[in-house]
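The values are calculated or read from the model by the stated rules, or taken from the named source; none is laboratory data. Small disclaimer: the values here were computed from a predicted structure and weren't measured. Methodologically, a virtual Cβ is constructed for each residue, glycine included, from the backbone with ideal geometry; neighbour enumeration extends over all protein chains shown. All accessible areas refer to the heavy atoms of the entire protein, side chains included, with ligands and DNA or RNA removed. Shrake-Rupley method; radii C 1.70, N 1.55, O 1.52, S 1.80 Å.
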Amino acid sequence: MVQDLYILMITAAVVSIVFKLLKQPVVLGYIVAGVLVGPHLFGKTLVNPDNVKQWGDIGVLFVLFCIGLEFRLKNLISSGKVAAVGALTIIGGMMLFGYLVGMDAKLDMINSLFLAGMLCMSSTTIVMKAIDEAGLSKERFVKGATSILIVEDVVAVVLMVLLSSIAIRHQFEGAELAGKVIDLAITLAAWFICGILIIPTLIRILKKHLNDETLIILALGLCLGMVLTAEEAGFSSALGAFVMGSILAETAESHRIEKLMTPLKNVFAAIFFISVGMLIDPSSLSEYWLSIVYVSLVIIIGMILFGTLGCWWGGQTMRDSMLTSFSFVQIGEFSFIIAGLGTSLGVLNPIIYPVIVASSVVTTFLTPYIMKAAVPCYTFLYNHAPKNLRAKIDQREQQMAEAEVAKPSGDKNSLADRTRHAVRHTFITKHLVNLFIKNMSAHDEKQ
């Protein structure tokens, strides 16, 4: 096991340094490292695949936990229409494209649905990194883009649950699926209500006793506890990790937890991407190169089309809509997770995995260059647009400018803060928290 970790870490470190020198995303370096240590390139694997898979599964949990930590309900509410309309347009449009691609490739319904799920999610990690490296982090469109990515992450977790249900039963039943969605909604509501009312209050009371070591242990314990709860409830472990991250995001210590989790997440996430690379057979890439090009074009064209339409319908300016959509032209971590889910359930056609991973590599590599084309494409569109469309573009730009000037300071307290304040001092909540602290103190005195 130690030897496996040594080989993984050294290979990943060397390859990622090379990719940084080439100014390419480090995620691609991890995937290439997986190809190097995997069984396909040299005829035998250099590490134990079972160990790597277990570490990779833990990496998925930590990645989703950290994504949940970045989830801010008040930010999502403030972006409202753009987040909802933009995300749903992209997801709906790309799932339609993905399903049609699957049917065109003579895949069955389940494989087509899994392919649709893989193509409808942009990579939060890669998008934010690309925006930062392009020097666009202060641009107006970033807030809307971030909100759309958050909604996509939430929908992706729900989509995984639904795909699991469909894959296990090998059929699509509308009534049963609706029941599953209702069960999921009720379960999530119960978790969030209990979690947001109790956990932030508990952490606030225990704050003076929580040094960095204790805080990270408590956060990981809560995360793994919610993972087990989700599995017992019949949902995916990934859902549990995301939910607990979202609950802890509403605590006063959320940024501190996120900072403490970052090194741990980076290590296990690297192993996850390496495990993805280990499944790639370079010979199959040359065999399916036409499918890879086809899928990559579907991703790029579809994301630009539906992203621009969704953001425009959601209230963004045309320039911001195109900047957003041109940054979404890749698939990433959730695509791999959904592909891994299909593989573990034994329903995914073996051809799909290498094609999806290769398409992700291609689109990720092209993302920075496509982003640079956003403003020139907007200028071209504006200059050649009909007068009525150009008038609407100018009107939307003026409305956004006026809204920014007249923007109210707003209520500083988030919805979760106001809810907790209303319930925090009720007799039941106060009694439960005080009883917990009393028992902890009594336990410490006995020791």
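Look through the range 4-63, keep the residues that are in contact with a Ser or Thr (Cβ under 7 Å, 6 or more places away or on another chain) and at pLDDT 80 or above, and return whichever of them is nearest to residue 337 (Cα to Cα).
61
Within the range 226-269, take every residue that is more than 24 Å from residue 339 (Cα to Cα) and among the aliphatic types (A, V, I, L, M) and give me the one that is surrounded by the fewest Cβ atoms within 10 Å (Cβ to Cβ).
It comes out as 252.
Taking the range 226-269 as the region of interest, how many residues are of a type in the set (S, T, N, Q), part of a helix (DSSP H, G or I) and in contact with a Ser or Thr (Cβ under 9 Å, 6 or more places away or on another chain)?
Of the residues in that region, 0 qualify.
Conditions (1) surrounded by fewer than 19 Cβ atoms within 10 Å (Cβ to Cβ); (2) at pLDDT below 80; (3) part of a helix (DSSP H, G or I), marked per residue:
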{"position": "146", "(1), (2), (3)": "no, yes, yes"}
{"position": "149", "(1), (2), (3)": "no, no, yes"}
{"position": "156", "(1), (2), (3)": "no, yes, yes"}
{"position": "168", "(1), (2), (3)": "yes, yes, yes"}
{"position": "181", "(1), (2), (3)": "yes, yes, yes"}
{"position": "184", "(1), (2), (3)": "no, yes, yes"}
{"position": "190", "(1), (2), (3)": "yes, yes, yes"}
{"position": "195", "(1), (2), (3)": "no, yes, yes"}
{"position": "199", "(1), (2), (3)": "yes, no, yes"}
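Filter the range 352-365 down to the residues that are modelled with pLDDT of 85 or more and either open to solvent by 60 Å² or more (accessible area, probe 1.4 Å) or under 18 Å from residue 110 (Cβ atoms) (or both) and list them by number.
Matches in the range 352-365: 352, 355, 356.
Look through the range 301-336, keep the residues that are aliphatic (A, V, I, L, M) and open to solvent by less than 30 Å² (accessible area, probe 1.4 Å), and return whichever of them is modelled with the lowest pLDDT.
331
Filter the range 280-293 down to the residues that are buried (at least 16 other Cβ atoms within 10 Å of the Cβ) and at pLDDT 85 or above, then identify the one that is farthest from the chain's Cα centre (by Cα).
Among those that are buried (at least 16 other Cβ atoms within 10 Å of the Cβ) and at pLDDT 85 or above, it is 291.
Does the range 99-130 hold any residues that are over 18 Å from residue 162 (Cβ atoms) and in a helix (DSSP H, G or I), and which are they?
100, 101, 103, 104, 124, 125, 126, 127, 128, 129, 130
Considering only residues that are open to solvent by less than 80 Å² (accessible area, probe 1.4 Å) and outside any helix (DSSP H, G or I), look in the range 387-412 and name the one that is modelled with the lowest pLDDT.
Residue satisfying both the conditions and the ranking: 410.
Is it true that residue 273 is of a type in the set (Phe, Trp, Tyr), within 25 Å of residue 1 (Cα to Cα) and surrounded by fewer than 21 Cβ atoms within 10 Å (Cβ to Cβ)?
no
Taking residue 339 as the residue in question, decide whether it is assigned to a helix (DSSP H, G or I), open to solvent by less than 20 Å² (accessible area, probe 1.4 Å) and within 26 Å of residue 372 (Cβ to Cβ).
No: the conditions fail for residue 339.
State whether one or more residues within the range 298-319 are within 18 Å of the chain's Cα centre (by Cα) and closer than 18 Å to residue 339 by Cα.
Yes, some residue in the range 298-319 is within 18 Å of the chain's Cα centre (by Cα) and closer than 18 Å to residue 339 by Cα.
Of a type in the set (Gly, Ala, Ser) and at pLDDT below 80: is that true of residue 277 in this structure?
The answer is yes for residue 277.
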